[in-house]
Each structure stands twice: as structure tokens, then as C-alpha cells.
1. Need one number: nm distance between label points at residue B:55 and residue A:28, each 7 Å from Cα along Cα→Cβ, rounded to one decimal.
2. Please give the helix B:43-67 orientation as an angle from the longest Cα principal axis of chain B, in degrees from 0 to 90, rounded to the nearest 10.
3. Could you list log10 I(q)/I(0) for the range B:180-223 at q = 0.15, 0.19, 0.32 Å⁻¹, which the Debye formula gives when each Cα is one point scatterer?
4. Rounded to the nearest 500 deg cm²/dmol, what is the calculated helix-only ellipticity per residue at 222 nm for the protein assembly as shown, with -39500 (n - 2.57) per DSSP H run of length n ≥ 4?
5. Rounded to whole Å and sorted largest first, list the principal axis extents of the Cα atoms in the range B:6-222.
6. Over chain B, what is the relative contact order in percent, taking alpha-carbon pairs closer than 8 angstrom and at least six residues apart?
7. Once you put a point 7 Å from the Cα of residue A:209 and another 7 Å from the Cα of residue B:136, both along the Cβ direction, what distance in nm separates them?
8. If I model a spin label as a point 7 Å beyond the Cα along the Cα-Cβ vector, how far apart are those points for residue B:222 and residue A:118 in nm?
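Read the figures in this text as sums done on the coordinates, not as results from a lab. Keep in mind that what you see is a predicted model, and the values were worked out from it rather than measured. Using ideal geometry, Cβ is built from the backbone for each residue, glycine included, and neighbour counts are taken over all protein chains shown.
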């Protein structure tokens, strides 16, 4: 990994520490959504638990990742564009968002266990899959945020562009994670895992190719 | 090719053949499917058409990104537009078929869900276009989304339905149709009537819209 990417990631983390309000905003969003879910559903059964978990991840991701591109002023964007390579820039953003989503994933996992109970049989497996899923979702939405930031009413646009695109991955993730709820062995999870990894690779490669066209204005 | 006539006549001939042979021609008798097997000439052909149009749209999107010519953008968007129309027709003909074979218009079959997702993705493409006011910016960003969406669409339509249980013909293996159900007489009508006929018709519709857009653009530039 080139030093530029590392510097850019460090810059993002530093910004996150200096402007903590947005981080706490997303945190509060996670906590209040799950609390509302708890009030509405109590402690649901495993398929519903699984479905709710991934829906929450989706909404958290839209909120957490959207701000990464939408927050920046035009002037600052122009500054980044003039000093660094687009491929480095998008790569750094994706890695940063992946880390951010991993943190959010950990927090929402904890809140789910606390409030909605734990119907899980293989907790370790679920934690692994949820981390993998959080990274995958954040990669897709990082690129979509880059697209949406070019248009007006961009927050709504993120959902319109992203939700249909993310469905295949969400379906895969739900099937993968459903293994964690019972002792029944499910065949074919290796190929599903491979498919998810393939999706991630595809998204990264496409972003590296396409992002340079997005950012010159 | 746009202003030539021969392929338009060819399209009409192909379609006449498709409709006449499609409704009157012999088909093998299969359980459950019965006469609904004729939907192959209409429903499956619509999906073939849609995929072809989306591929053409993708090619023009890539060309736009490479050369920055507004003409390529017009081609790209109009092919995507006709593609959506054919996709919707495919969905409707499929739903009618499902009513008579599965008993319901909509039964959350993975194929139906995949099709609906594909349409949503391309409808979002038009929302994105219209939310950008500057023409060059709108063309460039929607071209980027076009490429990205197309790459994500393939898994939706071709991989996911194979992973899940589906009632759709060709459930395991070929995603579109069960090749054991049809015979050579049907293959003839399908490959030499329906597919070229509907595709040429779709291109014809698209070229008309492209000419309209080109005219409007010229008018705008000279105004």
C-alpha cells in the first residue's frame, strides 16, 4: 500500500476525531434505531432477528458512509483533487469506510445482543460474517456516495441508487449468516463466501477504474 | 444504418413469422406448460432483447467516457430507455404466464425478484440523470453509474437465481429456459423469428428516439 493512501486514511481518522459530532450522530442513530426496534419487536425469533440485523446494517451504512463524501466542501474536494491521485483517494475512502462500518457493526452487534436477545448457536460465525458483510456493504456505498455527491438531493439519491444494487449481496449475507442460527449443516456456503469475495473484488476494481471520471468537474 | 429501410422490412417479416408460427405452429405437448410454452417466443425474447439493449447502452456509455461526445450519451440513454420498456414487457408477459402455470401473477420467485431489481436499477439511472442539470456532468456521471450498475446486474440476474430454488423453467443450470422442453420446430421460430424480429423492432424504436433527440439537440445549439 502506498504512503499516500495511508496518509489519506490518517487524515480521515484525524478529521473524525476533530469533528466528533458526526461520529456521535451516527452512533446515536444506531442506538436509537435498535432501541425502537426493541420497543416494536421485543425479542424476535431467529429469521426475523437475522433480517432485522441486516436491514439495520444497511441503514447505518447509508448514514455512516454517505457523510464521507457529502460532508466535504467543494473547495476542500478541489484541494484533494489537485494534490493526489484519484485511485489513491477512492481506495483510502473505501478502507476508511470499511473500518468505520466495522466499528458500527461491532456496536450494533452488542446492542442487538443486549436488547433483542441472542438466538444464535454459532456466535463466532455470525460475528465473522457480519464483519465481512459490513465491509462489503461499505465498499458498494462508498462508490455510490461518490456518485451521489455529484448530484443534488444526494442523501435520498444514495438510497435510490443503492438499495436495488445491494439486494444480491444482502440476500447472500442473510443466507450465509442463517447458518449461525442452527446446528444444521448447510452446504454450499464456501461458494457463497467466494461469491461475496468476488463481489468485493469487482466493486474495488470498478471503483478504481471509474472514479477518475467522477471527480474531474 | 439508421436511415436504411431493408432491416425495418426484415423486422416486420420476422415478427409476422413469429406471430403466425408462434400462435399456429406446432409445439410439443408438455405437462403443466401445455400451450403456454408459446410464451417462449414473446416472454423470453423480451428478456433477450432487454439484455442486448442494455449491453449496447453500456458500450455507448464506455465510449462516452473515452471520447466525451454527447452523441454517444444520447445513444446510451435511449438504448437504456427502450431496454426498460422491453424489460417491463418481459415482466408482464412472465406474470401472465405464471398465472396459468404457477397459479399466481406474482409468487416471489427468485427470477421475478431479480427482474424487478434489474428494472429498479435502471429506473434509478434515470432518476440520477434527471437530478443533474448540467448536460455534460449528467452524461458523465450517469455513464459511470451505467457501467457500475451493469456489472452489478449480472450477478443479480444470472448468479443469484441459480443459488436459490426456483420454479422457473431451467431452474438449475440455464437461467432462461429449459432446453429439454422445446423441440427443433420451436427453436427455428425462436432463433430465426422472435429474437431477431423483436431485437430489430427495439432498435428501430430506439433509432427513432435518437433522431428525435439529435434533432432537439441541434435545434437547441442553433437557437
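1. 5.2
2. Once rounded, the angle reads 20 degrees.
3. Values, matching the q order: -0.54, -0.66, -0.97.
4. Details: 16 runs with 338 residues, N = 440.
Counting only the DSSP helices, I get -26500 deg cm²/dmol.
5. Taking max minus min along each principal axis of the Cα atoms, the range B:6-222 gives 61, 41, 26 Å.
6. Contact order relative to length: 33 percent.
7. It works out to 2.5 nm between the two label points.
8. 7.4
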